[in-house]
Amino acid sequence: YINRGKKLYKEACDLQKNNNFEKVSVVIEEAIEAFFHSLRILPVHEKVDEVYYYLVLSFRLINDRSRADHYMKNLKNYTPGSEYIDKIDS
């Protein structure tokens with residue numbers, strides 16, 4: 001599910017670059033669902049920080065700051081040593 005979510009996130013970014021905003025929200029919602037599904041299956045998996053990272057980016061892509069901030073807090077609180085924290089502009 002993580003790889004599916006990442007693929008969909010990339011697709012949504014490409015759609016946004018091509019000004020296809022109508023499809024961005026549809027694709028990003030699929031990506032978010034894939035990331036949520038991976039959290040339900042493996043909440044303590046070694047890649048949980050990567051999932052939080054992509055959730056933050058996905059919610060930012062659709063301008064949902066409150067949910068992006070929520071997952072940024074999760075990233076910092078649950079995986080404080082993660083390399084992904086520094087990759088996100090706070």
Do any residues in the stretch 45-69 that are within 21 Å of PHE21 (Cβ to Cβ) have Cβ atoms under 6 Å from those of residues that are part of a loop (DSSP other than H, G, I, E, B) and among the hydrophobic types (A, V, I, L, M, F, W, C), where the two are at least six apart or on different chains, and which pairs are they? VAL56/ILE88
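How about the stretch 1-67: which helices (runs of 4 or more DSSP H) wholly inside it have at least 2 residues that are surrounded by fewer than 14 Cβ atoms within 10 Å (Cβ to Cβ)? Steps first, please.
Values: elements: 2-17, 21-41, 48-61.
It comes to 2-17, 21-41.
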Quick one: in the stretch 68-80, of everything that is open to solvent by less than 50 Å² (accessible area, probe 1.4 Å) and more than 15 Å from TYR9 (Cβ to Cβ), which residue is modelled with the lowest pLDDT? THR79
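The values are calculated or read from the model by the stated rules, or taken from the named source; none is laboratory data. On a predicted model such as this, the values are computed, not experimentally measured, just so you know. In this analysis, Cβ positions are derived from the backbone assuming ideal geometry, glycine residues included, and neighbour counts consider all displayed protein chains. These area figures cover heavy atoms from the full protein model, side chains too; ligands, DNA and RNA do not enter into them. Shrake-Rupley method; radii C 1.70, N 1.55, O 1.52, S 1.80 Å.
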